[in-house]
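The values are calculated or read from the model by the stated rules, or taken from the named source; none is laboratory data. As the structure is a computational prediction, the values presented were derived from the model and not from experiment. No Cβ is skipped: glycine too gets one built from the backbone with ideal geometry, and neighbour counts run over all protein chains shown.
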Amino acid sequence: MSVTPQSLQPPVAAEQLKIVILGHVDHGKSTLVGRILHDTGSLPEGKLEQLQQIAERRRVPFEWANLMDALQAERDQNISIDTAQIWFHTQKRHYVMIDAPGHKEFIKNMVTGAAQAEAALLLIDAHEGVQENSRRHGYLLDLLGIRQVAVLVNKMDLVNYSQERFNAIEAEYRIWLAQVGLQPSRFIPISAREGDNVAAPGTHMPWWKGPTAVETLDEFKAARSLGDQPLRFPIQDVYRFDHRRILAGRVESGRIQVGERLSFAPSNKTSTVKTIERWNAPARDFAEAGESIGITLTDQIFVQRGAVAAPENAPPYALTCFKARVFWLGKQPFMPGRPYRLKLATQEVECHIDKLERVIDASTLQTVERPAGASFVGRHEAAELTLRTNKPVAFDAVTEVAAMGRFVIVDGFDVAGGGVIVPNSYPRRTADSLHKSHNIFWTSGRVTPAQRLLRHGHGGRVLWLTGLSCSGKSTIATELERQLFERDKLVYVLDGDNMRHGLCNDLGFSPRDRRENIRRIGEVAKLFADAGVICITAFISPYREDREAIRKSMPTGQFIEVYLNVPVEVCEQRDTKGLYAKARAGKIREFTGVSAPYEPPASPEIELPTAQLAVNECATKIIAFLDAQEQ
């Protein structure tokens, strides 16, 4: 719910700061918001009187919280069940105030609200003291990277404005926040109901000599201007209008202008901004952070929803793997091996846990110890982990561009978790890499293929083993390598899993990524063969066209296709890892032979029915083929 009366809208040019108000249920957040609106003169004219009259007609006491709790369901339940945004102002600046639910069951909405904020007010009831959600909210502020925090000890009127009670709560909570790395600007004793120390000092706590809550807000610094950050323009949709393709979205950071050369991540296609389109707004040849616009391009490249426009010289990362901190909210645990949907800006991709490094109890900060074999993140737990996506995602670390470093995870149809991407040594594509040079030439060495043949006793070859998962590729490849090595051959195996740990660790398993994986391996295998090595590859390589492209890139006879022809039923029986079972249960998508196609070779040089042949027999047949070629 957004409450933004016209009279509360700030001037566009005014300095703005987004703050979130957090606290355990019934610790007084909505009351504080209502009091701030009144005491700063930010209420629409007549609003207070209107609510006072409503309370009088209902014969109930007037509550400041009614200024916030505009939903009837909230008034009936007496708890906030959604985040609400309200503008208010001081003499220094304008604020967007986000009131977030404190009830444990609505913590998902709290994360949604806090993720947008630059600073936070954290409420604690002076009578009830520090609660479980108080600690959890402190951890979440750290998780989301919010460092400007003030703690308001509210309802001081319920403890007779006791300085001793205030000091005790401050001591307890300050120690706990220090464990998560948060150092609040200050603790302030307040009574939101009576107005003490909200916007004015009041008369009940003469012992307090510090600033009010509003004065403390004015001490906070606005975050680095979004306009000073590199351009990030996620594409929300593509419209066709008057024979033009208009790419629509919101400028999350930076500035975009006509004539600027852009790169679109993660595809890395480039084009130049031809026009900037606006709806019911004056025309300008530039747009800044926070504006929702459309652009047209000089070159009609294919760009779709989810692409992120950025300067050529300052692109985001575009990878399939990154480190993150996640807070889990789903009813079902967050488990390795299961597919989920990741939403980042306008991108939506399938993801899974690649490595679960640590699970944390957000209330105690203790590492959660699981029994052997139990690996998951439970509800209201946090985790440090590595996520892998099935195709490249454009992102920034949350410390670089916050909007591109925060994400949510969807389980089924429910938002089940949220997190941030933490800094790491991610490789970033440079602007130079987007431009193909025409001044690159193949360099031939001074050692000829004939000289290598004379030295090694054999020529370079690529033995391309292809077949379904569990058809025996890796097993036969390693045995073949052993036998050839014992015969003094220069030989090496390129294994599918091994290559994905390094050269191809940025690729997923979509058809496009599978093709790129095979293309890269083909190039490496070709270099091995050029060096006179017998290169054995063990890859599913499901697409016939990709294998044929590698064959055509090599001299005739150098590429030897070895087809391991095994029924899928036999492969399933051999599957000790349970991959086929997971694929049939929907836990692994795009699995060759189950949910993704395999195209067998049309005319392979060697065909091995490995359901009938032993591993040694398969190796012997391949060696016999090589021997016949050398004669």
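Odds and ends about this structure:
- Test: residue in region 175-187 that is of a type in the set (S, T, N, Q), in the same structural domain as residue 155 (by TED's automatic domain parsing) and in a strand (DSSP E or B): no
- Taking first residues from region 117-139 that are in the same structural domain as residue 36 (by TED's automatic domain parsing) and among the polar types (S, T, N, Q) and partners that are surrounded by 23 or more Cβ atoms within 10 Å (Cβ to Cβ) and assigned to a strand (DSSP E or B), the Cβ contacts under 6 Å between residues at least 6 apart in sequence or on separate chains come to 134/124.
- Candidates 363, 375, filtered to the one that is modelled with pLDDT of 85 or more, in a loop (DSSP other than H, G, I, E, B) and not hydrophobic (A, V, I, L, M, F, W, C): 375
- Within region 307-329, being surrounded by fewer than 21 Cβ atoms within 10 Å (Cβ to Cβ) and not in a strand (DSSP E or B) holds for 312, 313, 314.
- Options 519, 515, 551, 544: the member that is surrounded by fewer than 21 Cβ atoms within 10 Å (Cβ to Cβ), more than 26 Å from residue 589 (Cα to Cα) and not hydroxyl-bearing (Ser, Thr, Tyr): 551
- Condition met for residue 577 (assigned to a loop (DSSP other than H, G, I, E, B) and surrounded by 14 or more Cβ atoms within 10 Å (Cβ to Cβ)): no
- Residue that is surrounded by the fewest Cβ atoms within 10 Å (Cβ to Cβ), among those in region 267-284 that are of a type outside the set (Lys, Arg) and modelled with pLDDT of 90 or more: 272
- Screening the candidates 548, 617, 569, 599 for the property of being among the acidic types (Asp, Glu) and in a loop (DSSP other than H, G, I, E, B) yields one hit, 599.
- Yes/no for residue 249 being in contact with an Asp or Glu (Cβ under 8 Å, 6 or more places away or on another chain) and at pLDDT below 90: no
- Helices (runs of 4 or more DSSP H) (entirely within region 472-543) containing at least 1 residues that are touching a residue at least 24 places away in the same chain (Cβ under 8 Å) and more than 30 Å from residue 387 (Cα to Cα): 473-486, 511-530
- Some residue of region 126-140 being under 12 Å from residue 190 (Cα atoms), in contact with a Gly (Cβ under 8 Å, 6 or more places away or on another chain) and in a loop (DSSP other than H, G, I, E, B): no
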